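Data first, discussion second: the structure below is written as structure tokens.
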Amino acid sequence: MLRESQKRRMDPAIERKGDEDITDQLSSIHADDSLLNLHDVQNWRVLKHILNDNNVYRLLGFVPFGIVAGLMGLNPTAVFVFNLLAVVPLAVLLSAITEDLSKNCSQSIGALLNATFGNALELIVSTVALTRGEIRIVQANMLGAILSNLLLGLGSCFLVGGFRRDCRFNATAAQTMGSLMVVASMSLVIPAALNMAFDHTTMTRSPNDILVLSRGTSIVLLILYVTWLYFQFQTHSRLFEQTNANVDSGHADARKGKQDDALSPQAAGIALLTTTIMIAVCAEYLVSTIDGLVHTLGINKIFVGLIILPLVGNAPEQVTAVAAAAKNEVDLALGVALGSSLQIALFVTPFLVVVGWIINQPMSLCFEPFDAVVFFLSVLVVNSLIADGETNYLEGAMLVGTYAIIGTAFYVYPEDHNSV
């Protein structure tokens, strides 16, 4: 060993090689650290750009106010308002992060991500209400979100876009989505009609009959939704080229290989998880204070779930659609309004029925007969207006007026029907 040690000391080549190995290792470590720091800086830059891109993020200041107000048990109305204002920017942020994450994905995967998180606010709020056994609030929130997009959102787009000129849009895409909405409306009408038939017959009835029908129908609707995504983005994408191009126009630059403008998958995942948790916390306080809000203001609980929550929750998305319609991008506006309604009817609502099945909550598609009739008639009105592929401000006024009539009807909705 002494001779080997002396030999190494006497051999400068061996010593130089050892020094070079150490230098290479240190350089590799510094390079990894620099790359990590570069990614961190890039992620912060992209996140800062997202937050500065929309004024609605100024409402993020209500997030700590809402949580603190809920923890301190303040007035239910204050807790409700703070948390309602808090979930709006969180929902927009969740959607923006999802779109950013989809930049590096294929069109079909991006569509699936947007479908999953596009209506995350309704999904999370309804899931929280479902765990608390507020089945009627869940049903009202789902129906209200659909009607808000289908009548108020689409009507506002037609009203603004067609005020100075008649607008044309992709009739094929519109009619296809309209037909799917008819199928979705039937999924509510049939359980309601069956329930009424049971009430007017002397035949013996199992308490689970409506639940069995609802759960089976929900599975069919989920399969139809997946089939619709595959139809739109894979096998028959040529029929939706104009609509798909408009919906994806905001991401055109990102899909040209500029991946540096997107969050890393790890950062996007962390941001999605954090935002979802904050929405869930605010939604918990939001749902828990509905009874106190109804008692304080003397309004109908169903009116809160069907009108107030969807109006605030869908406001940012509808503003985007109306802005697009004002620029004569009616296909984009139509895709946002009808597409969002379709997601809730074919994906979110049946998904909640399955979730209720799993957690042993009797969530069903058996809405009140009045709810089912309103939904079905609304779909018929929309389908009659989009059949020709043209629109104007009068048709927009008709849709907005229909929404106002429905809102008034639910404002005077009998209170004793709320306990369902």
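The values are calculated or read from the model by the stated rules, or taken from the named source; none is laboratory data. Model, not experiment: these values are computed from the prediction. Cβ atoms come from the backbone with ideal geometry, glycine included; neighbour counts cover every protein chain shown. Keep in mind that these areas ignore ligands, DNA and RNA; they rest on the heavy atoms of the full protein, side chains included. Shrake-Rupley method; radii C 1.70, N 1.55, O 1.52, S 1.80 Å.
At pLDDT 80 or above and in a helix (DSSP H, G or I): does that describe residue 67?
So residue 67 passes the test.
Of everything in region 67-84 that is surrounded by fewer than 22 Cβ atoms within 10 Å (Cβ to Cβ) and in contact (Cβ under 8 Å) with a residue 24 or more places away in the chain, the residue that is farthest from residue 279 (Cα to Cα) is 75. Scanning region 388-411 for residues that are touching a Phe, Trp or Tyr at 6+ places or on another chain (Cβ under 7 Å) and of a type in the set (A, V, I, L, M, F, W, C), we see that the one that is farthest from residue 161 (Cα to Cα) is 410. Which of the residues belonging to region 367-380 are among the aliphatic types (A, V, I, L, M) and open to solvent by 40 Å² or more (accessible area, probe 1.4 Å)? Selection gives 373, 377, 380. With respect to the conditions (1) part of a helix (DSSP H, G or I); (2) in contact (Cβ under 8 Å) with a residue 24 or more places away in the chain; (3) open to solvent by less than 40 Å² (accessible area, probe 1.4 Å), residue 364 falls short on a single one, namely (1). Looking at this structure, is residue 338 at pLDDT below 85 and buried (at least 24 other Cβ atoms within 10 Å of the Cβ)? No; evaluated as a whole, the condition is false for this residue. Within region 133-189, being over 26 Å from residue 236 (Cα atoms), open to solvent by 10 Å² or more (accessible area, probe 1.4 Å) and among the small types (Gly, Ala, Ser) holds for 133, 156. Mind checking which residues of region 273-303 are among the aliphatic types (A, V, I, L, M), within 22 Å of residue 90 (Cβ to Cβ) and either in contact with an Asp or Glu (Cβ under 9 Å, 6 or more places away or on another chain) or open to solvent by 50 Å² or more (accessible area, probe 1.4 Å) (or both)? Correct list: 273, 277, 278, 281, 287, 290.
For residue 389, the conditions (1) open to solvent by 10 Å² or more (accessible area, probe 1.4 Å); (2) of a type outside the set (Asp, Glu); (3) at positive phi are fulfilled apart from (1). Applying the set (1) crowded, with 16+ Cβ neighbours inside 10 Å; (2) under 26 Å from residue 229 (Cβ atoms); (3) among the aliphatic types (A, V, I, L, M) to residue 358 leaves exactly one unmet item: (1). Screening 192, 197 for residues that are open to solvent by 40 Å² or more (accessible area, probe 1.4 Å), assigned to a helix (DSSP H, G or I) and not hydroxyl-bearing (Ser, Thr, Tyr) leaves exactly one candidate, 197. On the stretch given as region 49-58, residues that are open to solvent by less than 60 Å² (accessible area, probe 1.4 Å) and either of a type in the set (D, E, K, R) or at pLDDT 85 or above (or both) total 0. In region 262-283, the residues that are on the phi < 0 side of the Ramachandran plot reach residues that are aliphatic (A, V, I, L, M) and not in a helix (DSSP H, G or I) with C-beta atoms within less than 8 angstrom, at least six apart or across chains, in these pairs: 268/262; 271/263.
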